[in-house]
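Shown next, in structure tokens, is the structure this report addresses.
The values are calculated or read from the model by the stated rules, or taken from the named source; none is laboratory data. Computed from a predicted structure; not experimentally measured. Counting neighbours? That spans all protein chains shown, and the Cβs are built from the backbone with ideal geometry, glycine included.
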Amino acid sequence: MESINYLDWSLLVLHKLDSTYESSKKIDDLLENFNTLFVDNSTDFKRIFDSNKALSGIVLDLDEDAEEIVKFVRETNPKIPIFILTEEDSSKLSLQILKLVNIVMNVFEDSTSFLSGQLELEVEKYMSSIKPIFFGKLMDYTHKFKYPWHTPGHAGGLMFMTNPIGKMMLDFYGENTLRSDLSISVPELGSLLDDEGPVKDAESNSARVFSADKTYYILNGTSSVNQVIWKGRVTKDNLAFVDRNCHKSLNYGMVITEAIPMYMIPRRNSLGIIGPVKLEEFTKEYIDKIIQNNPKLTEEQKKQKIKMSALTNSTYDGLCYNVNKIKEALNNNVENLHFDEAWYAYAKFHPIYKNHYAMTESDNFIEHPPIFASHSTHKLLGAFSQASMLHVKDGTKDKVDFVVFDEAYLMYGSTSPQYSMIASLDVSTAMMDFCGDKLMDETILNAIHFRKRIAKLNKEYASFNEWFFSLWQPEKVLYNGTLIDFEDVPDKYLLEHQESWTLDSDNNWHGFNDIEKNYVMLDPIKLTLKCPGLNVNGKYDEIGIPATILSNYIIDRGVVNEKTDTYSLLFLHSIGTTVTKQEALIKVLMNFKKDFDNNTPLKDIFPDLVSSYPEKYYTKGLKDHCLDMHNYIKESKLLELMDKAFQVIPKQELTPAEASREVFRGNIEHLPLKDCMNRTAGVIVVPYPPGIPVLMGGERIDEASKSILNFLLAREEFERVFPGYFSDIHGIEAFNDEDGVRRFHTMVIKN
């Protein structure tokens, strides 16, 4: 039995109604054994072709529309078989079209069964050609219906048929999902850990597609990717140069490797948006200075070269570094370069991102060390959750010894890998290889349309002297030598000209006054929605809408954003985002404005919040609530305190690894934050927002770093004033003390 029966997919047939009876009857007989979708005009054909991907082939009558239709199909699908049917001479077909179609058939010349067989062979060939390497083998194996006498214990789902609860799960996930959940005992599918068979072939194909020298599939998330990279290249007392705006898994990487960290400090604008590290921080002079000024280092250690430099690309709000600029600045004075591109795996597939991703193909003229990239393939491509990729590009001189590096990989690889996750990485690769440029074209264009829509709504409301939301994006773009409004720039120009998205101090919509030329661009598909209340110059508006209130509002109404800052929300415009999805977001934003302007009672907006804290919120309307919180943020100087906190790198009493050892030895105290002055942090403290470490394990809170404590205590007070708006702060526990007051607590090292 075939894993996919071509008869289950449809032939899309464009057949004119004015055909003769004889030819119509002949075509009906020819297609009798196929599923078919008939249309009689090019408009319906294009609509169905765009929306239905379960098509096994295209059948066209020979007429004046054939050339245009064939070109339309081939723009999206280079492989699907195209059959042209004719009743007479086909000489009217151009050479260009003949190159793009599979078969031209005269329906009256050969027997119907013969022509049908020709169709069948081409369709089968197509269906085989689009099956990804590993996923194809997994489908084939699953449909061999073998009796499993190996793990997993549910035996292809049979266990779930013995119990009503299990049957519920079987019905939900389906039989194929469970029968393809296999054990490493299946040799014909290869081995993830032994790097052999179809798994190895799939990884090699991913390396080709993503422009890496080697790619590893990692099934326990990009947190593990980051740690594999560090474990494979860094060891005890090596020097690390790390973006302070990094994921906590990199900090744990420093714990595991016992590296000695030094930090790059990312810029922040007045909206609180995290910006790029200064380009000068990658120069040898800057790196030498921070090494020499590090009191933790011995004179011998100060002679070391930086073993690993790690940078987040893109940032949470979609700022993407020009990788070639960084390589030029570094001038090969670090031994390894790591780009954490968890949210950015698609960059390879569109020229708008040229030179702004780790595996960029335009780097042969710049000397560089080995480069490593972490991809959360599950985040913005099509892999299952926790399915990630690790990409490696050899240095121009220094090559990676993969036999050694594999040992680090094996430390983090399960001996019971989930084969469906492997398949999802293989499928994600194959999808982008098949038509990634087309997918990204459509995605970026749709994001541009949404950006323009918000800009036009904002302008329309402003004409009535009313407020609305806006997006953090260029307000004007240089087009034909003139700065014009973003929404008036042609879509195609924005799609094809990277400079439209490049940050520039002369066109300062972004709030980073000292930004370097051609250094950083904004990712068009990362949408940071700005709420009224604060502008990029740091000035507060009279009307303010804290983003946490808006976030709660839209979530309750079926729209969920990715990240919430003080006055901004991040939305990810990923592949597959539809116009309907865009309209749902726009509608909920307009509804929020309506409820704000009407000061709709909070009991109607957030009934659970009001019932939990009636004494605080029962008499309030939405506008009252927003302005109360806005004025509190302004008067308490919460954002100013946050900005000061993140500009400080505290004194490092212990390395992260040393601090971690003290924690696991139990040599710690749990203290309220208010009692943590002149104490050394036991664990990393990461406030969300903004989602970057404000304090690392082993760093000391003293007079020089008191701004960190002041900020955290201000966040604590905010939560007492506005109950129900509780923070997500890694490394902090919040609970009521014996006096009934809710306070933040953390772990510190015993003195």
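Evaluating residue 104 against the criteria (1) over 17 Å from residue 36 (Cβ atoms); (2) in contact with a Phe, Trp or Tyr (Cβ under 6 Å, 6 or more places away or on another chain); (3) among the β-branched types (Val, Ile, Thr) leaves one unmet condition, (2).
Of the residues making up the stretch 358-395, those that are assigned to a loop (DSSP other than H, G, I, E, B) and polar (S, T, N, Q) are 360, 362, 364, 376, 385, 386. Residues in the stretch 663-699 that are under 34 Å from the mean Cα position of the chain (by Cα) and surrounded by fewer than 20 Cβ atoms within 10 Å (Cβ to Cβ) were compared, and the one that is farthest from residue 628 (Cα to Cα) is 664.
Does residue 53 fit the bill of being at pLDDT 85 or above, in the same structural domain as residue 114 (by TED's automatic domain parsing), outside any strand (DSSP E or B) and surrounded by fewer than 15 Cβ atoms within 10 Å (Cβ to Cβ)? Let's see the steps before the verdict.
Working: at pLDDT 85 or above: yes; in the same structural domain as residue 114 (by TED's automatic domain parsing): yes; outside any strand (DSSP E or B): yes; surrounded by fewer than 15 Cβ atoms within 10 Å (Cβ to Cβ): yes.
In short, yes.
Among the residues of the stretch 526-541, is any charged (D, E, K, R) and touching an Asp or Glu at 6+ places or on another chain (Cβ under 7 Å)? Checked the stretch 526-541: at least one residue is charged (D, E, K, R) and touching an Asp or Glu at 6+ places or on another chain (Cβ under 7 Å).
Where helices (runs of 4 or more DSSP H) fall wholly inside the stretch 566-673, the ranges with 3 or more residues that are closer than 30 Å to residue 432 by Cβ and either at pLDDT below 95 or among the charged types (D, E, K, R) (or both) are 579-597. Taking residues in the stretch 671-686 that are over 15 Å from residue 728 (Cα atoms), and partners anywhere that are surrounded by 14 or more Cβ atoms within 10 Å (Cβ to Cβ) and aromatic (Phe, Trp, Tyr), the pairs with Cβ atoms closer than 9 Å and at least 6 places apart or on different chains are 672/744; 673/744; 674/744.
Exactly one residue out of 587, 637 is on the phi > 0 side of the Ramachandran plot and not small (Gly, Ala, Ser), and it is 637.
Identify the residue in the stretch 326-357 that is in a helix (DSSP H, G or I) and aliphatic (A, V, I, L, M) and, among all such residues, is surrounded by the most Cβ atoms within 10 Å (Cβ to Cβ). Spell out how you get there, then give the answer.
Taking the stretch 326-357 and keeping what is in a helix (DSSP H, G or I), we get 326-330, 347-349, 351-353.
Next, only the ones that are aliphatic (A, V, I, L, M) stay: 326, 329-330, 347, 352.
Numbers: 326: 22, 329: 19, 330: 21, 347: 25, 352: 21.
Taking the candidates together, the pick is 347.
Restricting attention to the stretch 479-489, does a residue exist that is surrounded by 17 or more Cβ atoms within 10 Å (Cβ to Cβ) and under 21 Å from the mean Cα position of the chain (by Cα)? Checked against the condition, which is being surrounded by 17 or more Cβ atoms within 10 Å (Cβ to Cβ) and under 21 Å from the mean Cα position of the chain (by Cα), the stretch 479-489 yields no hits at all.
Of everything in the stretch 693-730, what is out of contact with any helix residue (DSSP H, G or I) (no Cβ under 9 Å at 6 or more places or on another chain), under 30 Å from residue 295 (Cβ atoms) and in contact (Cβ under 8 Å) with a residue 12 or more places away in the chain? Give them in sequence order. Talk me through it step by step, then tell me what you get.
Taking the stretch 693-730 and keeping what is out of contact with any helix residue (DSSP H, G or I) (no Cβ under 9 Å at 6 or more places or on another chain), we get 700, 702-704, 706, 719-720, 728.
Those still in the list that are under 30 Å from residue 295 (Cβ atoms) too: 700, 702-704, 706.
Hits for the stretch 693-730 are 700, 702, 704, 706.
Filter the stretch 344-368 for residues that are of a type in the set (A, V, I, L, M, F, W, C) and at pLDDT 95 or above and give the result. Selection gives 345, 347, 349, 352, 358, 359. Selection of the stretch 124-175 for residues being over 18 Å from residue 191 (Cα atoms), touching a helix residue (DSSP H, G or I) at 6+ places or on another chain (Cβ under 9 Å) and of a type in the set (Phe, Trp, Tyr) yields 126, 145, 147, 149, 160, 173.
Assuming residue 229 fulfils every condition listed in (1) at pLDDT 95 or above; (2) closer than 17 Å to residue 696 by Cα apart from one, which condition is it? Result: residue 229 passes all but (2).
Being within 18 Å of the chain's Cα centre (by Cα), surrounded by fewer than 19 Cβ atoms within 10 Å (Cβ to Cβ) and at positive phi narrows it down to one of 538, 576, 558, so name that one. Lay out the reasoning, then the answer.
Working: 538 fails: within 18 Å of the chain's Cα centre (by Cα); 558 fails: within 18 Å of the chain's Cα centre (by Cα).
After applying the criteria, what remains is 576.
Note on the stretch 498-516: residues that are touching a residue at least 24 places away in the same chain (Cβ under 8 Å) and surrounded by 14 or more Cβ atoms within 10 Å (Cβ to Cβ) total 12. Mind listing just one residue for me: the one in the stretch 717-751 that is within 35 Å of the chain's Cα centre (by Cα) and assigned to a loop (DSSP other than H, G, I, E, B) and, of those, surrounded by the fewest Cβ atoms within 10 Å (Cβ to Cβ)? Residue satisfying both the conditions and the ranking: 726.
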